Amino acid sequence: MKANEWISSVPVYEPGKPIEEVARELGFADAAEIIKVASNENELGPSPKAVEAMGAAAGEMHRYPDGGGFYLKQKLANKLGVKPGNLILGNGSNELIEFLGHVFLQPGANLVMSECAFVVYRLVAALFNAEAIVAPMKNFTHDLDAMLAAVTPETRMIVVCNPNNPTGTLNRPEEIEAFLEKLPDPVLAVFDEAYFELVPDEAKADILKHIRADRENIIVLRTFSKAYGLAGLRLGYGIAHEKLITLLNHARQPFNVNAMALAAARAALDDHEHIERTRDMVFQGLELFAEKLSLLGVEFLPSFANFILVKTGHGRAVFSELQKRKVIVRPMDGYGLPDWIRITIGTPEQNEAVLLALKEVL
Ligand SMILES: *Cc1c(COP(=O)(O)O)cnc(C)c1O
């Protein structure tokens, strides 16, 4: 066998243990007692309308899905004020990141990203044996000027996670507009907006207006995994000029998105109440964490998403201690932040329990 030489240097994603296993190892009677706030999932669960739609769709699972995602794209297009031809669906937005790799990356090419940005971009660069150029952050926020300054003639993409995971920080609409004015035409700007629905309206940059105005070197990535509470179904979408969508479709398998996900997403888009409840839960939770952490004298970053980055000192040790108290958070050493943990905002009861456990541990 002769494998590609670079494949072994692509880091393998280490999945966390199922919480049933954690419960068994730590001797807890019931895994349901564990509060898992490690993956930025929606602790309200999926929209009840989506659950109902999945039940109705279950009897049709002997059929292949609609490989074009016709009805979902139509619905999304109406909602977003774009054409169905401006949309591509992915098996999670992660799959769309991989499509971008197929279309734009190769040995010798690079992408520019920010320090402490969503790690998948680094992995996809490695997968295509391309380089990830990492620009420094400013106050834990993407420094867009530093990123532009890092662009080389071989740069194919520049990635802005807004808000960013794991820092929760946001680039303001004015900053984004200035960035787009300076962005060189040959470079594609990727705006990863996984938490878009949770951003306060006045802080939202309007990237779609540039796509409606036919700008070609921009793509916006969004997902049903976070605010919509459908992470298990794996569904994300990209919004871009039709020319770019056409290129990306060359990298897509015919049935990359499953039929259950298509059915659930269409119903979830109609459930405005569920999104509103989710937003309220997150905004209130962020306030609670800010208040309580300040009282404890613990440093944290103000967040625009459904999680908060907290400086506890020795994140791995704090993670283990919290786990003994039935709380699972995410240590951040993998992001070069060994003194920090990331906590997903949950229900009010979960938040109180997490804060109590954290107080004990610290
Ligand atoms: C969670 C997350 C994603 C979402 O991935 P899916 O594959 O859609 O579940 C993408 N980007 C960022 C920054 C995220 O935090």
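The values are calculated or read from the model by the stated rules, or taken from the named source; none is laboratory data. All values derive from a computational prediction rather than experimental measurement. Cβ: placed from backbone, ideal geometry, glycine included. Neighbour counts: every protein chain shown. The accessibility values were calculated without ligands, DNA or RNA, using every heavy atom of the protein model including side chains. Shrake-Rupley method; radii C 1.70, N 1.55, O 1.52, S 1.80 Å.
Within the range 204-227, if we keep just the residues that are more than 10 Å from the ligand (Cβ to nearest atom) and closer than 24 Å to Val119 by Cα, the residue that is surrounded by the fewest Cβ atoms within 10 Å (Cβ to Cβ) turns out to be Lys204.
When you check Ile88 against the structure, is it more than 19 Å from Arg330 (Cα to Cα) and outside any helix (DSSP H, G or I), yes or no? Here the answer is yes, as Ile88 does meet what is asked. Is there a residue being within 15 Å of the ligand (Cβ to nearest atom), touching a His at 6+ places or on another chain (Cβ under 8 Å) and closer than 16 Å to Lys204 by Cβ anywhere in the range 175-188? Scanning the range 175-188, I find no residue that is within 15 Å of the ligand (Cβ to nearest atom), touching a His at 6+ places or on another chain (Cβ under 8 Å) and closer than 16 Å to Lys204 by Cβ, so the answer is no.
Scanning the range 86-127 for residues that are open to solvent by 30 Å² or more (accessible area, probe 1.4 Å) and either away from the ligand (no atom under 14 Å from the Cβ) or small (Gly, Ala, Ser) (or both) yields a count of 8. Suppose the filter is within 18 Å of the chain's Cα centre (by Cα), assigned to a helix (DSSP H, G or I) and within 16 Å of the ligand (Cβ to nearest atom); does Ala261 pass it? So Ala261 fits the description; yes. Here Met147 fulfils each of the conditions (1) open to solvent by less than 20 Å² (accessible area, probe 1.4 Å); (2) under 30 Å from Ala263 (Cα atoms); (3) part of a helix (DSSP H, G or I) apart from (2). Going through (1) at pLDDT 95 or above; (2) closer than 21 Å to Val120 by Cβ; (3) outside any strand (DSSP E or B) one by one, Gly313 falls short only on (2). Flag: Glu60 does not match the condition of being within 16 Å of the ligand (Cβ to nearest atom), modelled with pLDDT of 95 or more, of a type outside the set (A, V, I, L, M) and open to solvent by 10 Å² or more (accessible area, probe 1.4 Å). Of the residues that sit in the range 63-85 and are assigned to a loop (DSSP other than H, G, I, E, B) and within 26 Å of Tyr121 (Cβ to Cβ), which one is farthest from the ligand (Cβ to nearest atom)? Within the range 63-85, the match that is farthest from the ligand (Cβ to nearest atom) is Val82. For the range 232-252, the set of residues classified as among the small types (Gly, Ala, Ser) and open to solvent by 30 Å² or more (accessible area, probe 1.4 Å) consists of Gly232 only. Only one entry in Thr155, Thr141 is farther than 17 Å from Asp206 by Cα, more than 16 Å from the ligand (Cβ to nearest atom) and touching a strand residue (DSSP E or B) at 6+ places or on another chain (Cβ under 9 Å), namely Thr155. I'd like to check something: does the range 192-202 contain any residue that is touching a Cys at 6+ places or on another chain (Cβ under 7 Å) and within 15 Å of the ligand (Cβ to nearest atom)? Yes - at least one qualifying residue is present in the range 192-202. Annotation note: of Val10, Val82, Val37, the sole residue that is buried (at least 16 other Cβ atoms within 10 Å of the Cβ) and over 30 Å from Ala240 (Cα atoms) is Val37. Counting only residues that are farther than 30 Å from Arg266 by Cα and either within 16 Å of the ligand (Cβ to nearest atom) or of a type outside the set (A, V, I, L, M, F, W, C) (or both), the range 17-48 holds 8 of them.
Of the residues in the range 73-95, at least one is assigned by TED's automatic domain parsing to the domain that holds Tyr195, at positive phi and modelled with pLDDT of 95 or more. Scanning the range 229-247 for residues that are within 15 Å of the ligand (Cβ to nearest atom) and within 30 Å of Asp185 (Cβ to Cβ) yields Gly236, Tyr237, Gly238, Ile239. Checking each residue in the range 25-46 for being of a type outside the set (D, E, K, R) and under 13 Å from Ala231 (Cβ atoms) picks out Ala38, Ser39, Asn40, Asn42, Leu44, Gly45, Pro46.
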